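Written out below as structure tokens is the structure these notes cover.
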Amino acid sequence: ACMRKFNKVFIIALPRCATVSLCDALGMLGIPTAHLGRIYGEKTNEHNNPVRLKRMHEQITSGDFRLDILEQCQGLADYPVCSTEVFAKLDVEYPGSLFINLRRDNDVGRWLQSVERQFVGLQMVKAGKAATEAEQEFMKVMLYFRELTFGQAKFDASAYEHAYRRYQAHLE
């Protein structure tokens, strides 16, 4: 049996939908995948790589979808590829790629709780008074991608649930 070849792998699942776990699994299979700029398989304890994430933001906002990071790895997960606008352009730029979606339809309420904890907590740490300049820059990029993905950066349960359902319907 032969395995189908893909140009790139894009995990287009929304945040808090097991994107890190899938990056780990792909890495174990020899398919290095980046999550928030961190390429899984690299020796680091960081959950993200702010420098690479910022570079992706710079490229995307300038209309350049030939992302530098994809010269270093085989795929991306979470931001920025969970935005329909971004993954549509990546599909054109990298034809023959595999797009993977993971869903939390069984309990969207629990997904919302997870999103709220992560988003609000991260923002408190990375944008608060004690945050470094680099952390504040990272948070600006994260807020940009949240707005691109959910229609607004500030967490609001009903708006985010609506965005979740609209996103899943779009993918279908």
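Of note:
- Calculated from backbone phi, Karplus (6.51, -1.76, 1.60) coupling profile of the stretch 95-111 in Hz, x at Gly/Pro: x, x, 8, 9, 10, 10, 10, 10, 10, 10, 5, 4, 8, 4, x, 5, 4
- Taking 0.36 nm per residue of separation and subtracting the Cα-Cα distance, full extension of the segment from residue 62 to residue 88 would add 7.8 nm.
- Using θ = phi - 60° and Karplus 6.51 cos²θ - 1.76 cosθ + 1.60, couplings along the stretch 152-157 (whole Hz; Gly, Pro as x): 7, 7, 6, 5, 9, 4
- Amide H contacts under 5 Å for residue 100, placed H, 5+ residues apart: 10, 11, 12
- 1.4 Å probe accessible area per residue over the stretch 23-172, in Å²: 54 Å²
- Nonlocal amide H pairs with residue 75, under 5 Å, H built at 1.01 Å: 9, 34
- Dipole magnitude (debye, nearest 20) for the chain, charges at Cβ of Lys, Arg, Asp, Glu: 200 debye
- Here the relative contact order of the chain, from alpha carbon pairs under 8 Å that lie six or more residues apart, stands at 27 percent.
- Residue-wise HN-Hα coupling along the stretch 16-21, computed from phi with Karplus coefficients 6.51, -1.76, 1.60 (Hz; x: Gly, Pro): 6, 10, 6, 5, 5, 4
- Kirkwood-based shape ratio for the chain, expressed as Rg/Rh from alpha carbons: 0.95
- A crude spin-label estimate for the pair residue 129 and residue 162, with each label 7 Å from Cα along the Cβ direction, gives 3.5 nm.
- For GluC sites (Glu not before Pro), the sites in the stretch 29-121 that DSSP calls loop and that have at most 13 other Cβ atoms within 10 Å are 46.
The values are calculated or read from the model by the stated rules, or taken from the named source; none is laboratory data. Worth saying up front: this structure is predicted, and the values here are computed from it rather than measured. In this analysis, Cβ positions are derived from the backbone assuming ideal geometry, glycine residues included, and neighbour counts consider all displayed protein chains. When the accessible area is computed, the model is the full protein with side chains, heavy atoms only, and any ligands, DNA or RNA have been set aside. Shrake-Rupley method; radii C 1.70, N 1.55, O 1.52, S 1.80 Å.
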